[in-house]
Amino acid sequence: MSASASTGPGAWLRRADPGYPSRRAGLSVSAWQPPRPMPAAIATPHTPDEVVEAVRRARAEGLRLAVRGGGHSLSATHLVDGAAVLDLRHLTRFDVKRESATAWVGPGVTTLAAAAALDAVELSFPVGHAPTVGLSGFLLAGGNGWNTPVWGHGCERVLAADVVFADGRRAVVDDETDPDLFRVLRGAGPAYPGVVVAFRLQLAPEPPRIRRHVVEVDARDAERVGATLDEVVATLPAHVDTTVFWHPARADDDVPTLTVAATSFAPGIDDGLDPIRSADLPVLSTASTDAGRSLFQLLDPLPRHEGDAMFSDHLWTDAGYRALLPLLPTRDPRLNAASSVLLTTSARRADGAAPGRAVYSPSGRMSVSAYAHWDPASQGPEHPVGWARQVIARLAHLGNGCYVGEADLTAGRATLTDCFGGAGADLVRRVVARLDPDRVMATPFTGHHGS
Ligand SMILES: Cc1cc2nc3c(=O)[nH]c(=O)nc-3n(C[C@H](O)[C@H](O)[C@H](O)COP(=O)(O)OP(=O)(O)OC[C@H]3O[C@@H](n4cnc5c(N)ncnc54)[C@H](O)[C@@H]3O)c2cc1C
């Protein structure tokens, strides 16, 4: 490969090139990545045609392919030893058709960029809860976005995708052209056997008003706080999106706290938040915001965690707060203040139905995500990774599977069956075997018992 071929749009950066270490680190939003996987090359296509070209080039060189959308996989599924990584951040198409409330959206679009574009056309979408999350990995994983109980999961609003396959072929996939592949598109996450260069989405109506009430609670009496939360959350209307963040204490004179964040997408004057406002909880502080009709106003003030090292693990469970909270670790000085265990019953549709025509199938009414955040420079590199794993291991006897978007997929920890159930895992295997028989697309499930 000549030096000139390493520059310009669509260029490849090789391991020996000077900019490689920083570009590899910049693929992930986390300041910590597993040290070993060293891709052979990083390609940054600017157009779908350049994606086709990159796939063909990788094929000609005998390289496997990995994909980076927005870089939020904390298992760094985009880092694969010896593979060519396609960094899709420049594919930021956002073409809305207001009459049909649909849009073609590129894989480089972030949650915040999508929210801004949707505000401008007075439409909405269940985008992810954090401003920076890539829409593409989020949609492929299933997409537990804002107002999921009412709007449904992000993947349910994927109508079609423009896909480049491992053999360089490009095609639009929908429920008619290939129903099995369409189901895999809706939820297979990093097991998807193709490179999505655009998603066609069914948008949601703009919410009438978005209001948020946040309560910080002393969580030392975890069982009592949990029992109250179970009662309160059961009375909330479907259009209140409720997330509970458990924060362990970090110093001896500190206490574990809970942040209860309730966000109302209510149509009427009554926002439905009164049960949270009046809950009998040991309240430390409260805050309320009104974002009007704007998802962007809701998302923009939320923390970005830039510079943090991060790692996550996940579990679905039918247990409630009263059973779960007393099992969570109360203290860890190695974490930074953003570390939390997120527990939410709003990661499911209000009617309890699984997404239609999808391998995505939330296997519990409560989603539990352990997010470790730390400063790799001052706290050493890796032990908080173990913290996230330990949180989930403590709850494992109450769990039933995990979410592919947040589970620990490193070293074959979560299997296809853990993520998709038996029938979903079989469907993923069949579709991968048909469309990518040579296993050119690297997935975290390749090469261990889950594949
Ligand atoms: C801070 C934070 C907040 C989060 N909040 C939420 C949330 O509210 N709801 C939720 O459901 N999840 C959430 N997640 C999880 C998130 O949805 C997943 O990590 C998702 O994979 C991120 O997508 P990405 O494009 O940013 O990541 P990437 O790391 O770029 O993508 C992950 C993998 O998906 C595959 N992939 C991505 N794009 C493509 C494509 N175009 N074609 C083919 N394969 C592709 C690749 O295998 C890739 O390695 C959050 C994660 C973080 C770190």
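Can you go through LEU298, LEU284 and tell me which one is within 16 Å of the ligand (Cβ to nearest atom), in contact (Cβ under 8 Å) with a residue 12 or more places away in the chain and hydrophobic (A, V, I, L, M, F, W, C)? Lay out the reasoning, then the answer.
Working: LEU284 fails: within 16 Å of the ligand (Cβ to nearest atom).
LEU298 is the lone residue from the list that is within 16 Å of the ligand (Cβ to nearest atom), in contact (Cβ under 8 Å) with a residue 12 or more places away in the chain and hydrophobic (A, V, I, L, M, F, W, C).
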Exercise. Which residue out of ALA319, ALA287 is assigned by TED's automatic domain parsing to the domain that holds SER363, farther than 20 Å from SER73 by Cβ, out of contact with any His (no Cβ under 8 Å at 6 or more places or on another chain) and not in a helix (DSSP H, G or I)?
Worked result: ALA319
For this session: Go through (1) within 12 Å of the ligand (Cβ to nearest atom); (2) crowded, with 24+ Cβ neighbours inside 10 Å; (3) within 27 Å of VAL431 (Cα to Cα); (4) not β-branched (Val, Ile, Thr) one by one and return the number of the condition TRP146 breaks.
Result: (3)
For this session: Report yes if THR243 is crowded, with 19+ Cβ neighbours inside 10 Å, closer than 28 Å to TYR360 by Cα and among the polar types (S, T, N, Q), otherwise no.
Result: yes
For this session: Please state which one of PRO190, PRO207 is closer than 26 Å to GLU406 by Cβ and at pLDDT below 95.
Result: PRO207
Problem set entry | Cβ-Cβ under 9 Å pairs, at least 6 apart or on other chains, the range 176-189 side surrounded by fewer than 18 Cβ atoms within 10 Å (Cβ to Cβ), far side basic (Lys, Arg) and part of a loop (DSSP other than H, G, I, E, B) | PRO179/ARG357
For this session: Test ASP270 against the criterion of being of a type outside the set (A, V, I, L, M, F, W, C), surrounded by fewer than 19 Cβ atoms within 10 Å (Cβ to Cβ), under 26 Å from GLY292 (Cβ atoms) and without any contact (Cβ under 8 Å) to a residue 60 or more places away in the chain, and give yes or no.
Result: yes
For this session: Determine whether THR102 is within 9 Å of the ligand (Cβ to nearest atom) and surrounded by fewer than 23 Cβ atoms within 10 Å (Cβ to Cβ).
Result: no
For this session: Please indicate, with yes or no, whether at least one residue in the range 149-160 is assigned to a loop (DSSP other than H, G, I, E, B) and either of a type in the set (A, V, I, L, M) or farther than 24 Å from ASP418 by Cβ (or both).
Result: no
For this session: Give the residue, chosen from ALA198, ALA166, that is in a loop (DSSP other than H, G, I, E, B) and within 16 Å of the ligand (Cβ to nearest atom).
Result: ALA166
Exercise. So which of PRO256, PRO275 ends up being in contact with a helix residue (DSSP H, G or I) (Cβ under 8 Å, 6 or more places away or on another chain) and within 29 Å of ASP351 (Cβ to Cβ)?
Worked result: PRO275
Problem set entry | The listed residue being of a type in the set (D, E, K, R), modelled with pLDDT of 95 or more, assigned to a loop (DSSP other than H, G, I, E, B) and more than 14 Å from the ligand (Cβ to nearest atom), out of GLU223, GLU231, GLU176, GLU216 | GLU176
Exercise. Which one is nearest to PRO37 (Cα to Cα), of the residues in the range 47-85 that are away from the ligand (no atom under 11 Å from the Cβ) and of a type in the set (Lys, Arg)?
Worked result: ARG64
Exercise. Among the residues of the range 124-142, is there at least one that is more than 12 Å from the ligand (Cβ to nearest atom) and buried (at least 18 other Cβ atoms within 10 Å of the Cβ)?
Worked result: yes
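Identify, from the list THR47, THR77, the residue that is in contact with a helix residue (DSSP H, G or I) (Cβ under 6 Å, 6 or more places away or on another chain), at pLDDT 95 or above and among the polar types (S, T, N, Q). Steps first, answer last, please.
Details: THR47 fails: in contact with a helix residue (DSSP H, G or I) (Cβ under 6 Å, 6 or more places away or on another chain).
Among THR47, THR77, only THR77 is in contact with a helix residue (DSSP H, G or I) (Cβ under 6 Å, 6 or more places away or on another chain), at pLDDT 95 or above and among the polar types (S, T, N, Q).
Could you grab me the full set of residues in the range 137-185 that are basic (Lys, Arg) and in contact with a Leu (Cβ under 8 Å, 6 or more places away or on another chain)? First the steps, then the outcome.
Initial filter on the range 137-185 (basic (Lys, Arg)): 157, 169-170, 183.
ARG157, ARG183 - these are the residues of the range 137-185 that are basic (Lys, Arg) and in contact with a Leu (Cβ under 8 Å, 6 or more places away or on another chain).
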Problem set entry | Residue ID - surrounded by the most Cβ atoms within 10 Å (Cβ to Cβ), chosen from residues in the range 110-123 that are aliphatic (A, V, I, L, M) and within 13 Å of the ligand (Cβ to nearest atom) | ALA114
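The values are calculated or read from the model by the stated rules, or taken from the named source; none is laboratory data. Keep in mind that what you see is a predicted model, and the values were worked out from it rather than measured. No Cβ is skipped: glycine too gets one built from the backbone with ideal geometry, and neighbour counts run over all protein chains shown.
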